[in-house]
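See structure below.
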Amino acid sequence: MCCTVLKCVSLRLGLVGLWLAVASVAYAGKTSSSSKCQEKSLTTASGIKAPSGPFCPGDLIFEDTFDGFDLDTWQHENTLAGNGDAEFQWFTNNRSNSFVKEGNLFIKPTLTVDEFGEPFLRSGVLNVHGGSPADQCTKQSPDGCERHGTHGQILNPVKSASIRTVDSFAFRYGKVEVSAKLPAGDWLWPAVWFLPKVSAYGRWPASGEIDLLESKGNRDLIKNGINVGIEQVTSALKFGPNAAYRSTAELQQQPGSTSFTRNSESGKGYQTGFHRYQMEWTPDHITFSINDIETGTVKVGTGFWQKGNFNISAPGLDNPWRYGSIMAPFDQEFYCKISLAVGGADYFSDDDINPTRKPWQNGAPHAMTDFWNGKNDWLPTWNVDEAESKDGAMQVDYVRVWAL
């Protein structure tokens, strides 16, 4: 009887050891498969949702299919200052503006007056400072945390959302795919960007910006006979020693360009269905694609100081990337940001032709008020009053990142 008990104990201990060994292997497989590959990936990743490296080429290192809204993964921006282009929206954490439904992320604009009433825009005070860490103002300038409405300069008339993985996931080098359906509506500005986790080379744009996609929601916005609204998507790299000297869209489609556009078939804009927006980021190039068709490639060449012609246009300035690699500033870890902005001081040209006139002029002192006064023209294009309308909402099916 005693011998039988010892055998039972021994057997159970053996099974426990075997289970622990299997669990250990399984856990190691979730974090990294690098022990099984001969050549390690150049990709690095960090953050509370990042797996442990090193990685094998092709490892899936980030995925969100939006079966739920994981607020540990996606942190909301909370600011009145938007993306820095003097846009007209208030980025906030509100389930009317950002939510998950039927397996898709929605970012949807709403009107501030729906919550506070029309008089509030001209006489109210918006203070977005919160009491908990998640409710803190995320961008203070210009006037990003508190504003006072006046008849000349109203408060932000639109509420929207911008979410980012700044605390949860950032990576350097890899392959990205985002499946998204873009919103339709005049003066809407959907975007998926990758921004530096730390400003290793200084303030924007010295540390770089990767625009996987940007678009304009207008259905019939025309420039030189081409639809530059929701039938066109732009992918770009932005960089420069400071905000006065930076790469711009004027380089578009020129030798050495860092900005590329892709137009859909006429009448089949990017709001009509989901498309796969892709990027391959390596130590010597970045390639943008849509649905596996290349939009454009930026090759590092002799470096981004020369690529931006800053040695000619900014001869008195130091090259901020001279101590980095040849890929600097795109040799650091970047996080993902998904946002839906409205209007702005620069993104929408005053010269483009729209069925209804652009209600504000870029640089005008009361642009936000002028925009709001033109709401009878642009608001019907959003279809926000229609039951279950999805026209004005940006939808994302998934975000995936693989090791290079």
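The values are calculated or read from the model by the stated rules, or taken from the named source; none is laboratory data. Since this is a predicted model, take the numbers as computed values, not measurements. Glycine gets a Cβ as well: all are built from the backbone with ideal geometry, and neighbour counts include every protein chain shown. All accessible areas refer to the heavy atoms of the entire protein, side chains included, with ligands and DNA or RNA removed. Shrake-Rupley method; radii C 1.70, N 1.55, O 1.52, S 1.80 Å.
How do the pairs read when you match residues in region 250-273 that are assigned to a loop (DSSP other than H, G, I, E, B) with residues anywhere that are modelled with pLDDT under 90 and not basic (Lys, Arg), using Cβ under 6 Å and keeping only pairs 6 or more apart or on different chains?
Ser257/Leu251; Thr258/Ser247
Out of (1) part of a strand (DSSP E or B); (2) open to solvent by 50 Å² or more (accessible area, probe 1.4 Å); (3) within 22 Å of Pro365 (Cβ to Cβ), the odd one out for Glu63 is which?
(3)
Please work out which residue is farthest from Asp85 (Cα to Cα), limiting yourself to region 111-152 and to residues that are surrounded by 15 or more Cβ atoms within 10 Å (Cβ to Cβ) and touching a His at 6+ places or on another chain (Cβ under 6 Å).
Arg122
Tell me which residues, restricted to region 345-357, are out of contact with any Leu (no Cβ under 6 Å at 6 or more places or on another chain), in a loop (DSSP other than H, G, I, E, B) and touching a residue at least 40 places away in the same chain (Cβ under 8 Å).
Of everything in region 345-357, those that are out of contact with any Leu (no Cβ under 6 Å at 6 or more places or on another chain), in a loop (DSSP other than H, G, I, E, B) and touching a residue at least 40 places away in the same chain (Cβ under 8 Å) turn out to be Ala345, Asp346, Tyr347, Phe348, Ser349, Asp351, Pro355, Thr356.
Are any of the residues in region 336-348 surrounded by fewer than 17 Cβ atoms within 10 Å (Cβ to Cβ), within 19 Å of Gln271 (Cβ to Cβ) and either touching a Pro at 6+ places or on another chain (Cβ under 6 Å) or not hydroxyl-bearing (Ser, Thr, Tyr) (or both)?
No, region 336-348 contains no residue that is surrounded by fewer than 17 Cβ atoms within 10 Å (Cβ to Cβ), within 19 Å of Gln271 (Cβ to Cβ) and either touching a Pro at 6+ places or on another chain (Cβ under 6 Å) or not hydroxyl-bearing (Ser, Thr, Tyr) (or both).
Determine which single condition Pro183 fails, assuming it passes every other condition in (1) modelled with pLDDT of 95 or more; (2) of a type outside the set (Ser, Thr, Tyr); (3) more than 25 Å from Ser325 (Cβ to Cβ); (4) not in a loop (DSSP other than H, G, I, E, B).
(4)
Please state which of the following conditions Tyr173 fails to meet, knowing it meets all the rest: (1) open to solvent by less than 10 Å² (accessible area, probe 1.4 Å); (2) under 26 Å from Trp402 (Cβ atoms); (3) hydroxyl-bearing (Ser, Thr, Tyr).
(1)
Cβ-Cβ below 7 Å, separation at least six or inter-chain, first residue in region 115-131 and under 20 Å from Phe371 (Cβ atoms), second among the hydroxyl-bearing types (Ser, Thr, Tyr) and part of a loop (DSSP other than H, G, I, E, B): which pairs?
Close Cβ pairs (under 7 Å, with a partner that is among the hydroxyl-bearing types (Ser, Thr, Tyr) and part of a loop (DSSP other than H, G, I, E, B)) amount to Leu121/Thr112; Arg122/Thr150.
Could you look through region 180-209, keep only residues that are small (Gly, Ala, Ser) and open to solvent by 10 Å² or more (accessible area, probe 1.4 Å), and pick out the one that is farthest from Asn104 (Cα to Cα)?
Residue satisfying both the conditions and the ranking: Gly202.
Restricting to region 154-168, name every residue that is open to solvent by less than 10 Å² (accessible area, probe 1.4 Å), assigned to a loop (DSSP other than H, G, I, E, B) and out of contact with any helix residue (DSSP H, G or I) (no Cβ under 6 Å at 6 or more places or on another chain).
Once the filter is applied, which keeps residues that are open to solvent by less than 10 Å² (accessible area, probe 1.4 Å), assigned to a loop (DSSP other than H, G, I, E, B) and out of contact with any helix residue (DSSP H, G or I) (no Cβ under 6 Å at 6 or more places or on another chain), region 154-168 yields Asn156, Ala161, Thr165, Ser168.
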